Structures are given as C-alpha cells and as structure tokens.
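The values are calculated or read from the model by the stated rules, or taken from the named source; none is laboratory data. Remember, it's a predicted structure, so these values are computed and weren't measured experimentally. Heads up, the Cβs are rebuilt from the backbone with ideal geometry, glycines too, and the neighbour counts pull from every protein chain shown.
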Amino acid sequence: MNYLAIYSEVINLRFNNQTGKTAQVKSWVGQAEIALWNAADWNFKRVPLAQLSVVAGVATEPADFGKAKRLFDPRGSRLEYLEPDVFEEAFMAEPTPQVANATHYTVINRQIIVAPQETSIAFKLSYRRRYAHLNSGGATVAGLMSSDTDTPIWDSEFHYLLVPWAIILGEKLEKDPTAESLRAQRDEMLAGMISELTGGQEGEPIQYGYP
C-alpha cells in the first residue's frame, strides 16, 4: 500500500469517505508510523557496513543515520567508540589535530567524528536508521511518508497495520469511546510483524504495551 491508499482507507473507515479531515488523518498516519517504528528493534532499521566518506576527521553521514553501531577504518580495523566528553579531552583539545590512522570515534548531534584525523571514502559504518520510507522508485528516504506514492519501508504484507493504528490514535485524540474496538486487531497484526521482522528471537515473545 502506498501513502495515498493508507490514508484513504483511514478516511473511508473513520469518516465514511468524507475527505474534509484529510490533513488530520495524515497526521494520524504519521504518528502511527512513529509508534510502529519505535515498537521493536526491527531488522529494517539496521544498515550493515555502509560506505562512509570522511574528510579531515569528520564524516558525511547517510541521510537516514540514527545511531552508530560499528565503524571500521579503510584497513578493516574496528574503531573504538568514546563518549563525546572523553573524546574531546583526548583529541579535540589538541592545538594541532594529529593526522594519522583513525583509532577512535564519537557522535555529537548525529555527526560522526574520527581521530586521529583521517580522510578516506573507504570507512564502513553499521548503523541504526532514523524514521525512513521508500519513494516511488524504491529508494530509501529519511523521514515519514509525505508523497502519495511513498510506501512504508517494511514488508508490504504489514503495510495495512498503519490503518487501525492511525484510527486508534485519531479516536483517542478526538476522545471517541470506540477507540478500543480496533486495539485487538492492531495488536494481533503487530505481534505477527514482530515475529517476522525482528531477528533471532527465541522462546516466549516479549509483550509490549501501546497507547
């Protein structure tokens, strides 16, 4: 389902196809996207070994960069992460930055900085995405869906989950007492998605609580 199909389905089910609240419904869908994104450690949030360009010790991160997991230098060695304050004391306070093979890195305001300073396009970064979706060409784009032809980044069989979730959020905002009627359907669909799209889970599934 693309963005148009998702918010149109919400309008159809919630407002009997009356489009006077399209903007409001779109905001509900956006909130549902955020809630779903944060509901689990989804496989689609993980990006392994993406190429990273570094100039004078400062990296140009992917647009959907959220949190660094691992960083490797051009020689295949893993850099050690330091908290920003420790990194500043160790490297950034130097009057003249040392230029050599990088050994450490930190992240400040989603900006990756390596030290000693090194310039290369061959660094490899494994990271966790921020909110992202797919455009009409199938490319990953940072942020929530906004164009009618955008689609969720996760598997298509779970796209419809945004519909009941958006309705639940909308009804709660409007203080509609029927908000609970779709909760069981939403939770059942979400449990199936967690089972399929979170890797390595064994034994009893974790139970989550949702608004």
From the options ALA115, ALA179, residue that is over 20 Å from the mean Cα position of the chain (by Cα), surrounded by 16 or more Cβ atoms within 10 Å (Cβ to Cβ) and at pLDDT below 85: ALA179
Check on GLU157, surrounded by fewer than 17 Cβ atoms within 10 Å (Cβ to Cβ) and among the charged types (D, E, K, R): yes
Across the stretch 32-55, what is the total count of residues that are in contact with a Leu (Cβ under 7 Å, 6 or more places away or on another chain), crowded, with 19+ Cβ neighbours inside 10 Å and either charged (D, E, K, R) or closer than 27 Å to ILE194 by Cα (or both)? 4
Taking the stated definitions as given, is VAL29 among the β-branched types (Val, Ile, Thr) and either in a loop (DSSP other than H, G, I, E, B) or touching a Leu at 6+ places or on another chain (Cβ under 8 Å) (or both)? yes
Restricting to the stretch 69-123, count the residues that are of a type in the set (Gly, Ala, Ser) and in contact with a helix residue (DSSP H, G or I) (Cβ under 7 Å, 6 or more places away or on another chain). 1
Kindly indicate the residue of the stretch 56-80 that is among the small types (Gly, Ala, Ser) and part of a strand (DSSP E or B) and also surrounded by the fewest Cβ atoms within 10 Å (Cβ to Cβ) among those meeting that condition. GLY66
Here are LYS21, LYS26: which of them is basic (Lys, Arg), assigned by TED's automatic domain parsing to the domain that holds GLY192, more than 17 Å from the chain's Cα centre (by Cα) and at pLDDT below 90? LYS21
Considering residues that are in contact (Cβ under 8 Å) with a residue 60 or more places away in the chain and either basic (Lys, Arg) or on the phi > 0 side of the Ramachandran plot (or both), the number found within the stretch 27-86 is 6
Within the stretch 137-155, how many residues are more than 17 Å from the chain's Cα centre (by Cα) and in contact (Cβ under 8 Å) with a residue 60 or more places away in the chain? 3
Is it true that GLU33 is of a type outside the set (Gly, Ala, Ser), under 18 Å from the mean Cα position of the chain (by Cα) and outside the structural domain of SER181 (by TED's automatic domain parsing)? no
So in the stretch 81-110, with the set limited to residues that are small (Gly, Ala, Ser) and assigned to a loop (DSSP other than H, G, I, E, B), which one is farthest from GLU61 (Cα to Cα)? ALA93
